[in-house]
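Some notes on the structure that comes next.
Computed from the coordinates by the stated procedures, all read-outs in this text should not be read as laboratory data. Nothing here was measured: the structure is a model prediction, and the numbers come from that model. Glycine also receives a Cβ, built like all others from the backbone with ideal geometry; neighbour counts cover every protein chain displayed.
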Amino acid sequence: MHLAIESIQQAVKPHDQYQVEIKLDYELLEGRQTHYTVETYIFSPHTLGLSADTYSKKDFYRDVQNYIRLKTPSMLLRDFTESHVSPLSAIKTLIGQPDWINDSKSIAKLNTLLKLLAAMLNSAIREHLMHIKSRIEEVSQNGKVHLVVDTLVEEFLTETATISDQFREMFATFNLPHVPESLLNGYRLTDESISILVEEGLLELFQIVEAYSKKSNRPDFRMRISDRVEGETKHRRHHGYFSLLNMSDENETYLYRASVLKKYASSVLFLSADISKDGKRLTHLTNAAAAGIAMIFATLVAFYFQSQYGSFTLPVFTALVVGYMFKDRIKELGRDLFSQRLQPFLHDRRITIRTQDGVKLGYLKEKVDFVTESQVPRLVLLRRDRDQFSKIDNDGREETIIRHSKEIVLFADAFKRIFGDMVQITGINDILRYDVRAYLNKMAEPIQERAFLEDGELRSISCHKVYHLNIVSRYRTVRPQKAKIHSRIRLILDRTGIKRMETIQE
């Protein structure tokens, strides 16, 4: 499921049997700071038994995995060879300079550009294929699909071949004796990564050609795509890359290397996330204030009784003991009172977002709590749209509602300094994976037998017992201020995990 406004893009999908993945793209907007708030409400059936007593904040954060990375810079396939700011052009420019081998800054920049090239090419190939599919949907009603498809297929074949050829022409330069081994390894990893990316794109392109290309053009496209795929396989075999598919093998090596290469390329976009407890200083200050108030009470009691009965008398001794007892209680009551008053303004944790070399790009604050329907915004409840069956399923009671809140602040000036004049970073990706196994513990058996009468004969039929988990998200841009938007998905669960996901349209 995809949702988008000008500044926030959301994609939700099941990651595996037990995890749902929510990916948010935060765009940098005009001004020195961009400030977002995101609230996610999880509506769970009361029968699943989740509450603040059985599912603590610690349990929730244990079930959540968060990944924060720079948004991949966007570039069309043809721009890789035509634009002066493309990583490919920047690499050619750097290795064309005299004595670049002995310049440590040039070596470091080349290592970054190699990873960036693979990461951006991966994104460009994916975007090109998605563009073909979207154009097919747009044009299919008019029956002239092949006119669009064949042009875009031709562009893919031409541009990916040019990118691969230009990159591979640089092998002789990177293979010189005095080139650092780490840089040569970086080139080889990028080369293998590009080969796999292009091959995977070609295989997907082959399916598009079979379904939508003009019949008279299909034989030529099939042959060209087949030749290119075979050429990529030969290239990897020739250079000793072990990412080769084999019909007689389980292909563990291929999947392992493809996964590692993907991490290698995207590592240039990884960000450091320093997690700390939110409001530490304020909490210490309020605790100190509570202790001070308690001490004032105990001191006043001691002064009063000393002034009335003298310093060393039984009443003074008793007053000191009682004063100490009340001082201790006043301090604890004060701490609890301050904590309750501050709770709406404090988050559970604060995540400082930095580049790998320590540049602060912004911060993210988040908190999770159980709320009642009266605490849920009216528009969120309308989006939830609980029907009569849902109310009966919960025995007429409210659903269990978990609210996960985020505040994101990004510093525009810091983003401009990340890659200098190489490419422009326009935002970050916030990827959250949420494990739903805590919801499965009290579910009934997924398969239940029921009697069924057919043609006068009594038969047994299997029924699937499922539960609905509704997730409503609320997005708002605080600075600059923009309208709120809401989205809703429904996870269909059974005792074995996620069965499917449905997008609920407005």
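Annotations
- With R₀ fixed at 25 Å, the C-beta to C-beta distance from H15 to A273 puts the FRET efficiency at about 0.85.
- Segment 79-269, relative contact order in percent, only Cα pairs under 8 angstrom and at least six apart counted: 26
- Taking 0.36 nm per residue of separation and subtracting the current Cα-Cα distance, fully stretching the chain between T162 and A288 would add 38.6 nm.
- Extension gain, Q65-L255: 0.36 nm per intervening residue step, less the Cα-Cα distance, totals 66.1 nm.
- Residue exposure proxy: S473, S460, S86, ordered by other Cβ atoms within 10 angstrom of their Cβ from fewest to most, comes out as S460, S473, S86.
- Protection proxy ranking of 237-249, 151-163, by the mean of other Cβ atoms within 10 Å over each peptide's residues and highest first, is 151-163, 237-249.
- Residues listed by number, segment 214-241, amide nitrogen under 17 Å from A172 label point at 7 Å toward C-beta: none
- Neighbours of E210, meaning other residues whose beta-carbon lies under 15 angstrom from its beta-carbon, give a summed charge of +3 when Lys and Arg score +1 and Asp and Glu score -1.
- When only Cα pairs below 8 angstrom with a gap of at least 6 residues are kept, segment 71-149 shows a relative contact order of 31 percent.
- Annotation: peptides 45-53, 196-204, 114-122, ranked by per-residue average of other Cβ atoms within 10 Å with the highest first, follow the order 114-122, 196-204, 45-53.
- Judged by the mean number of other Cβ atoms found within 10 Å, the most tightly packed of the peptides 179-185, 256-262 leads the ranking 256-262, 179-185.
- Pairwise label distance in nanometres, D103 with I447, each label 7 Å out on the Cα-Cβ vector: 6.7
- Using the Cβ-Cβ distance between E155 and K360 with R0 = 51 Å, the FRET efficiency computed as 1/(1 + (r/R0)^6) comes to roughly 0.80.
- For the chain, the longest principal axis of the C-alpha atoms and the axis of helix 280-309 are separated by about 10°.
- Sites Q33 and K263, calculated FRET efficiency, Cβ-Cβ separation with R0 51 Å, nearest 0.05: 0.95
- E138-T426 pseudo-label distance in nm [points 7 Å out on the Cα-to-Cβ vector]: 1.6
- Label separation (R378 vs E127): 4.1 nm, computed from points 7 Å beyond Cα along the C-beta direction.
- Neighbour net charge for Q448 - beta-carbon separation under 13 angstrom, K R +1, D E -1: 0
- According to the calculation over all Cα-Cα pairs in the chain, the P(r) per 10 Å bin from zero is 3, 14, 19, 20, 18, 12, 6, 4, 2, 1, 0, 0 %.
- Charge tally in the Cβ shell below 10 Å around L76, where Lys, Arg are +1 and Asp, Glu are -1, L76 excluded: -4
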